[in-house]
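The values are calculated or read from the model by the stated rules, or taken from the named source; none is laboratory data. All values derive from a computational prediction rather than experimental measurement. Note that each Cβ is placed from the backbone with ideal geometry, even for glycine, and that neighbours are counted across all protein chains shown.
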Amino acid sequence: MLDARTIRTHGRRVGMTTRRPGTGSRRAMPAELPPDLAGALTTFERYLRLERGLSTHTVRAYTADVASLLRHLSALSGTSLADLDIRVLRSWLAKLRTLGAARSSLARRGAAARVFTAWAAHAGWLHSDPGALLASPTARRALPAVLRPDQAAAVVEAASEDSPLGLRDRAMIELLYGSAVRVGELVGLDLGDLDGTRDLLRVLGKGNKERMVPISQPAATAVRIYLAQGRPSLAGPTSGTALLLGARGARVDPREARRVVHRLVAAVSGTPDMGPHGLRHTAATHLLEGGADLRSVQDLLGHASLATTQLYTHVSVERLAAVYRQAHPRA
């Protein structure tokens, strides 16, 4: 960890620019920020990207939220990060609320501010951590839509197997539902990540954390058929070691995977519209309804917190309540 003096020197040296996470390009930091605040924001982004190893999306979201906070501080005549205190944090969230920010947005921005102030206090920018005193609204998490087991089976069967792309789509949908991986994890799979003897996948998840996940027998069969009959027809100079390929031979991207899932789900009458993450929700819910323990499902999904996995218990309870209300004569 860099000390405060080194950080401040670095902030002045790089001025108002920093590298975008995951790319070699450069983008401008908010030009209206005083040098001390701009330097802090630059170095905080580096910390998230290099030391915490967070995803590009998470780094971008945290940096944007903290930039908003620092612009608010600057508007209150704060030119140094030492001017940031609990009153500034609260007035920032209050302003966002008056501008119509949703409860979930306020919760996310409050969380980003707490990460930032904890880092700043540890690095010596702040004498104490004002974020530790900050309370922000807890986001109301809507229960995700999930498919019934018969609907999930019908969605899988909707994938045509009469072409190389059809075989790929069948393998893709089977893996999403059979192993509950994220769409980014799915498209990032390489040939060497598949352990065909034990029917396991090596998955690189959020924060570059690696985990092994089992795949269902139908998924393993679909992948083997795709590798034997589908991938060779799609492979080309740009294929590399990618497991799932697009029509032009390159690694399939998340947008294509989402289009495939939306199309297959829409092909089954009565299903709610959903993408790959909906299949992940569905798989987790079906596992819990089938008797899997919460801790095992947490490991399978790659959740850092058990509280995130507990959302699926609420889904199951809600489904049970709906059945009760529909079936019980005195409900």
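Among the residues of segment 174-213, those that are surrounded by fewer than 18 Cβ atoms within 10 Å (Cβ to Cβ) and touching a residue at least 40 places away in the same chain (Cβ under 8 Å) comprise Gly184, Asp190, Leu191, Gly192, Asp193, Lys206, Gly207, Asn208, Lys209, Arg211. Restricting attention to segment 274-290, the residues being surrounded by fewer than 19 Cβ atoms within 10 Å (Cβ to Cβ), at pLDDT below 90 and closer than 27 Å to Val252 by Cα number 1. Could you check, for segment 32-40, whether at least one of its residues is farther than 24 Å from His127 by Cβ, assigned by TED's automatic domain parsing to the domain that holds His127, modelled with pLDDT under 90 and out of contact with any strand residue (DSSP E or B) (no Cβ under 8 Å at 6 or more places or on another chain)? There is at least one residue in segment 32-40 that is farther than 24 Å from His127 by Cβ, assigned by TED's automatic domain parsing to the domain that holds His127, modelled with pLDDT under 90 and out of contact with any strand residue (DSSP E or B) (no Cβ under 8 Å at 6 or more places or on another chain). Determine whether Thr23 is closer than 18 Å to Trp119 by Cα, surrounded by fewer than 16 Cβ atoms within 10 Å (Cβ to Cβ) and either among the aromatic types (Phe, Trp, Tyr) or modelled with pLDDT under 50 (or both). Answer is no for this residue. Being among the β-branched types (Val, Ile, Thr), at pLDDT 90 or above, loosely packed, with under 13 Cβ neighbours inside 10 Å and not assigned by TED's automatic domain parsing to the domain that holds Arg280 is a description that does not apply to Thr117. All conditions but one from (1) in contact with a Leu (Cβ under 6 Å, 6 or more places away or on another chain); (2) surrounded by 15 or more Cβ atoms within 10 Å (Cβ to Cβ) apply to Thr241; the one that does not is (2). Of the residues Arg114, Arg103, the single one that is of a type outside the set (A, V, I, L, M) and either within 30 Å of Leu204 (Cβ to Cβ) or in contact with a strand residue (DSSP E or B) (Cβ under 9 Å, 6 or more places away or on another chain) (or both) is Arg114. Being part of a loop (DSSP other than H, G, I, E, B) and in the same structural domain as Arg251 (by TED's automatic domain parsing) is the requirement here; does Arg170 meet it? Spelling it out, it is not the case that Arg170 is part of a loop (DSSP other than H, G, I, E, B) and in the same structural domain as Arg251 (by TED's automatic domain parsing).
Can you name the residue in segment 221-233 that is of a type in the set (A, V, I, L, M, F, W, C) and surrounded by 22 or more Cβ atoms within 10 Å (Cβ to Cβ) and, of all such residues, is farthest from Gly302 (Cα to Cα)?
The first filter runs over segment 221-233 and keeps only residues of a type in the set (A, V, I, L, M, F, W, C), leaving 222-223, 225, 227-228.
Remaining after also requiring surrounded by 22 or more Cβ atoms within 10 Å (Cβ to Cβ): 222-223.
Values: Ala222: 24, Val223: 22 Å.
That would be Ala222.
Only a single item in (1) surrounded by 14 or more Cβ atoms within 10 Å (Cβ to Cβ); (2) assigned to a helix (DSSP H, G or I); (3) acidic (Asp, Glu) is not met by Glu161, and it is number (2). In segment 56-75 there is no residue matching the filter, namely being assigned by TED's automatic domain parsing to the domain that holds Pro34 and outside any helix (DSSP H, G or I). Annotation note: of Arg198, Arg263, the sole residue that is under 25 Å from the mean Cα position of the chain (by Cα) and in the same structural domain as Ser296 (by TED's automatic domain parsing) is Arg263. Figure legend. Inter-residue proximity from segment 111-135: first residues free of Cβ contacts under 8 Å to residues at least 40 places away in the same chain, second residues in a helix (DSSP H, G or I), beta-carbon distance below 7 Å, spacing 6+ or different chains. Indicated pairs: Arg114/Gly131; Thr117/Pro130; Thr117/Gly131; Ala118/Gly131; Ser128/Ala121; Asp129/Thr117; Asp129/Ala118; Asp129/Ala121.
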